[in-house]
Amino acid sequence: MKTHKIAVIGGDGTGPEVVREALKVLDAAASKFNFKLETTPYDLGGERYLRTGEALPDSVVAELRQFPAILLGAIGHPEVKPGILEKGILLRLRFELEQYINLRPVKLYDERYCPLKGKGPADIDFVVVRENNEGLYTGSGGFVFKGTPNEIAVQESINTRRGVERCLRYAFEFTRKRNRARKLTLCGKTNVLTYAFDLWERAFHEIGQKDFPDIQRDYAHVDATTMWFVKNPEWFDVIVTDNMFGDIITDLGAMIQGGMGIAAGGNLNPQGTSMFEPIGGSAPKYTGKGVINPLAAICAGQMLLDFLGESAAALAIESAVIRAVREKLKDLAAGKMGYSTAQVGDLVVAAL
Ligand code: IPM
Ligand code: MN
């Protein structure tokens, strides 16, 4: 029997609660599809940081590298200044493990959960490929004359040909493999960011023309992209974009697919250790109440299995989630589901 070793970081707030349900579903899928999951928990997050002053020890990064995949709950603690845990844990892992793709599917499973009038599951089914190692996220920049009236703050967007190219190539391959409309949209801002998106646009067309002539290329400015998400989401198949724009548009994407309760993503290193997580945060106000929606974490688990090559099990989890949201849940929002966090996990296991 095949065994997959995965690392599990419950993290902060509701993270551990939703990860518990995801593991419940993954275990059920494992026994149904004849493989084994061996999980190793890691205690990382705000509590540990407050206790020890350490966000992420080097030795833990070295250990995490040994796993093909990590399941992450959430990072963010109300008593820790914003930025410390995000940069010290989440972004550090994305960077050091070279998870250069952030893959975020936007798929509506039931019309009831869509805030857009007249749109249904046939209209909302696309995937955002977000560059995950560069752009405005590298921490490049600094202050001059900090704290004085002449203060200058510089935050630089880093775009390397290598980083842009590997992201674009992944997106083209993904569009081909997905085999839907076979259309890849570059989301940028070529009319203002005339250096960064000039590089993106040139590389996009060069690579597309040479190696992916079967994939239709399209371009949309990021502001227009947010408009189309609301007006004509059915126009999109796969979208590729930089780190910051990807961050922003996928929150809107999450809302049109039913909210943070269902939106999942994967930080991918196709050759190394990938990390799967719900898109939403640690939701401190719901912590420990058993009301948070675990479906985003369950869907992250589904993506993890798919990444590990267990595609039949991944598909089965998706079908089970669809059944639960169509036939059982009242709402996808925390506290309004009509079921507790654990009961939603049980519903998915039963449907599986
Ligand atoms: C996300 C989050 C993170 C990001 C934060 C927590 C650093 O918003 O995963 O989208 O900006 O990437
Ligand atoms: Mn975000």
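The values are calculated or read from the model by the stated rules, or taken from the named source; none is laboratory data. Because the structure is a prediction, the values reported are computed rather than measured. Here Cβ is always computed from backbone atoms with ideal geometry, including for glycine, and neighbour counts include all displayed protein chains. In case anyone asks, the SASA skips ligands and DNA or RNA and just uses the protein heavy atoms, side chains included. Shrake-Rupley method; radii C 1.70, N 1.55, O 1.52, S 1.80 Å.
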Discussion item. Give me, ordered by chain and number, the residues 5 or more places off Ala69 or on other chains with an amide H under 5 Å from its own placed amide H.
Written reply: Ala7, Ser274
Item to complete: Can you work out the accessible area per residue across the chain, with the rest of the protein chains kept in place, probe 1.4 Å, in square angstrom?
Response: 44
Worksheet item: Just the accessible area for Thr3, please: 1.4 Å probe, Å², rounded to the nearest 10?
Response: 60
Item to complete: Would you mind calculating the gained length between Ala122 and Met1 on full extension (0.36 nm times residue separation, minus the Cα-Cα distance), in nm to one decimal?
Response: 39.8 nm
Practice prompt. Express in Å², to the nearest 10, the accessible area of Arg178 obtained by rolling a 1.4 Å probe over the protein heavy atoms while all chains stay in place.
Written response: 60
Worksheet item: In nm, to one decimal, how far is the modelled label at Lys177 from the one at Tyr195, with both set 7 Å along Cα→Cβ?
Response: 3.4
Fill in: Exposure rank, largest accessible area first [Ser140, Ser274; 1.4 Å]
Ser140, Ser274
Practice prompt. Tell me the label-point distance for the pair Ser31, Gln271, using the 7 Å Cα-to-Cβ offset, in nm and rounded to one decimal.
Written response: 3.9
Practice prompt. Please calculate the 1.4 Å probe accessible area of Leu193, with all protein chains present, and give it to the nearest 10 Å².
Written response: 70
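Could you work out the local net charge near Ala342, counting Lys and Arg as +1, Asp and Glu as -1, over the other residues with Cβ closer than 11 Å to its Cβ?
-1
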Response to the item:
From the cross-link list Lys107/Lys328; Lys36/Lys328; Lys5/Lys336; Lys285/Lys328; Lys107/Lys336, the entries with a Cα-Cα span beyond 23 Å are Lys36/Lys328; Lys5/Lys336; Lys285/Lys328
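For Trp235, Trp228, Trp200, give the ranking by accessible area with the largest first, probe 1.4 Å.
Values: Trp235 115, Trp228 65, Trp200 0 Å².
Greatest to least solvent exposure: Trp235, Trp228, Trp200.
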Item to complete: May I have the extent of the alpha carbons of the chain along their three principal axes, as whole Å values ordered from largest to smallest?
Response: 53, 49, 42
Worksheet item: Taking amide hydrogens as modeled 1.01 Å from N in the peptide plane, which residues meet the under 5 Å criterion relative to Leu186, leaving out close sequence neighbours?
Response: Asp218, Tyr219, Ala220, Val240
Fill in: Rg in Å to one decimal, and Dmax rounded to a whole Å, for the range 1-149 via C-alpha atoms
19.0, 66
Worksheet item: Roughly how many nanometres apart are two label points built 7 Å out from the Cα toward the Cβ at Arg112 and Glu151?
Response: 4.9
Item to complete: List, in order, the whole-Hz ³J(HN,Hα) value for each residue of the range 143-155 obtained from phi through the Karplus relation with A = 6.51, B = -1.76, C = 1.60 and θ = phi - 60°; use x for Gly and Pro.
Response: 10, 10, 6, 4, x, 9, x, 9, 3, 10, 10, 10, 10
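So if we plug the beta-carbon distance of Ser140 and Arg202 into 1/(1 + (r/R0)^6) with R0 = 25 Å, what FRET efficiency do we get, rounded to 0.05? Don't skip to the answer; put the middle values down first.
Working: r = 22 Å, r/R0 = 0.88.
My answer for the efficiency is 0.70.
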Discussion item. Apply the Karplus curve 6.51 cos²θ - 1.76 cosθ + 1.60, θ = phi - 60°, to the phi angles in the range 193-201 and return the couplings in whole Hz, x for Gly and Pro.
Written reply: 8, 6, 9, 4, 7, 5, 4, 4, 5
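Compare Asp125, Asp43, Asp218 by solvent-accessible area with a 1.4 Å probe and give them largest first, with all protein chains kept in place. Walk me through the intermediate numbers first.
Working: Asp125 30, Asp43 85, Asp218 55 Å².
Correct descending sequence by accessible area is Asp43, Asp218, Asp125.
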